[in-house]
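Below: one structure, written as structure tokens.
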Amino acid sequence: MATDSRLAELLDIVVKEGGSDLHLYVGGSPMIRVSGSLIPLSKYPPLTNKETEAMLQSIVTEERWKSYVENQTIDLSYAHKADTRFRINGYRSQGTTSLALRLIPHAIRTFSELNLPSVLEVFTQRKQGFFLVVGPVGHGKSTTLATMIDRINDTRAEHILTIEDPVEYLFAQKKSLIHQREVHVDTKDFHTALQSTFREDVDVIMVGEMRDYETISSAVTAAETGHLVLSTLHTNSAAQTIDRIIDMFPAEQQSQVRVQLAGSLIGIFSQRLIPRVSGGLIPAYELLINNNAVSTLIRDSRTHEIASVIQISSQEGMIDMDRSLADLVRRGEVTVEHAYEHAMDPKTFERYL
């Protein structure tokens with residue numbers, strides 16, 4: 001199986017230009033995303049369906065190609081060179097094949113290198129509990145989780161197991177024993193892999209994404225039974241995350257889930273990547289730490305009050321998104337206009353400025 005030569009050339013361009021994503025689609029020139037903006041590679045002619053299909057087929061096994069033809073979508077990770085990996089999604093659009101490829105940095109950066117708050121390290125020291133990193137697609141959730149896992153790897157001798165679709169960052173064993181399982185390759189699905197962790201002497205579990213209530217239920221159970229569980233969800237805030245989790249369950253189970261979540265949740269970190277004045281992107285974030293007040297709000301179905309708790313609990317380490325955005329503006333890192341686009345409550349944001 002030889003990689004399509006044009007695909008290899010385009011992947012080299014993404015790396016050279018400091019891009020994060022590559023889009024290949026029929027009827028248009030390839031496009032790369034740099035510092036959040038899409039840029040067409042106009043020197044390349046529009047792609048044909050034969051070309052995009054050939055590119056995808058050149059990097060998947062025959063079995064996985066058959067799966068793509070049947071399901072009309074596929075997720076995989078791909079090692080372009082020894083130190084370059086991409087997460088790839090192939091999908092059908094108007095009867096043709098399109099590809100979205102995201103560069104996975106080789107080096108796992110530290111909290112300070114990512115401009116993330118040092119308080120996140122506190123959660124890597126916990127022995128059990130449920131911690132979520134949330135935010136829109138493409139805003140660095142996987143990178144933050146990788147940094148947290150690598151910090152545990154640096155400081156503790158634990159058995160760490162990741163369940164991903166696909167595997168993104170590759171971890172080198174340091175103090176910890178690390179196993180990485182890929183859905184559709186090493187396990188049937190997230191739920192099945194999570195169930196088996198109870199028989200694998202695992203200390204820390206990283207679940208790439210919470211997609212259904214079976215997976216969430218198993219994750220919460222794991223957190224209740226002595227595991228540290230880290231995962232992601234595509235939500236916009238801590239309060240919305242809790243509501244989304246509970247709403248995934250049948251109505252008759254939601255009261256019990258509230259109780260379980262109130263007891264097992266240790267924190268929710270919500271992040272956005274904002275265009276930086278000096279170039280590149282910088283995160284703004286919200287951090288919810290589960291204390292007695294938050295646990296009570298979860299149990300009593302009063303999640304609409306959580307935002308107010310975060311705003312008045314900075315002395316406990318909680319971080320309000322609007323305050324984080326305002327801080328970036330005051331430091332000259334981002335423009336008011338860009339910060340305003342991501343404000344949770346524009347009036348609160350204006351008050352912080």
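The values are calculated or read from the model by the stated rules, or taken from the named source; none is laboratory data. All of these numbers come straight from a predicted model, not from anything done at the bench. Cβ placement follows ideal geometry from the backbone for every residue including glycine, while neighbour counts extend to all protein chains displayed.
Search segment 269-293 for residues being within 22 Å of the chain's Cα centre (by Cα) and in a loop (DSSP other than H, G, I, E, B), and hand back the single one that is surrounded by the fewest Cβ atoms within 10 Å (Cβ to Cβ). Among those residues, the one meeting the criterion is 280.
Checked against (1) of a type in the set (Val, Ile, Thr); (2) more than 18 Å from residue 267 (Cα to Cα); (3) buried (at least 17 other Cβ atoms within 10 Å of the Cβ), residue 336 passes all but a single condition, namely (3). If you go through segment 193-201 one residue at a time, do you hit one that is in the same structural domain as residue 144 (by TED's automatic domain parsing), surrounded by fewer than 17 Cβ atoms within 10 Å (Cβ to Cβ), modelled with pLDDT of 95 or more and not charged (D, E, K, R)? Checked segment 193-201: no residue is in the same structural domain as residue 144 (by TED's automatic domain parsing), surrounded by fewer than 17 Cβ atoms within 10 Å (Cβ to Cβ), modelled with pLDDT of 95 or more and not charged (D, E, K, R).
Given the condition within 19 Å of residue 80 (Cβ to Cβ) and not assigned by TED's automatic domain parsing to the domain that holds residue 38, answer yes or no: does some residue in segment 121-142 qualify?
Yes, segment 121-142 has at least one match.
How many residues are among the acidic types (Asp, Glu) and farther than 21 Å from residue 136 by Cβ when one looks only at segment 275-306?
2
When residues in segment 294-353 are screened for being of a type in the set (Ser, Thr, Tyr), assigned to a helix (DSSP H, G or I) and out of contact with any helix residue (DSSP H, G or I) (no Cβ under 7 Å at 6 or more places or on another chain), 4 of them pass. The set of residues from segment 110-142 being among the β-branched types (Val, Ile, Thr) and either over 17 Å from the mean Cα position of the chain (by Cα) or over 18 Å from residue 237 (Cα atoms) (or both) comprises 110, 119, 122, 124.
What do you reckon, is residue 188 outside the structural domain of residue 82 (by TED's automatic domain parsing), out of contact with any strand residue (DSSP E or B) (no Cβ under 8 Å at 6 or more places or on another chain) and modelled with pLDDT of 95 or more? It is false that residue 188 is outside the structural domain of residue 82 (by TED's automatic domain parsing), out of contact with any strand residue (DSSP E or B) (no Cβ under 8 Å at 6 or more places or on another chain) and modelled with pLDDT of 95 or more.
For segment 169-190, filtering for residues that are crowded, with 19+ Cβ neighbours inside 10 Å and more than 18 Å from the chain's Cα centre (by Cα) leaves 2.
Do you know which residues across segment 217-244 are of a type in the set (Val, Ile, Thr) and either under 16 Å from residue 137 (Cα atoms) or modelled with pLDDT under 95 (or both)? Result: 220, 221, 225, 232, 235, 241. Looking across segment 50-104 at every residue that is in a loop (DSSP other than H, G, I, E, B) and of a type in the set (Val, Ile, Thr), the one that is surrounded by the fewest Cβ atoms within 10 Å (Cβ to Cβ) is identified as 61.
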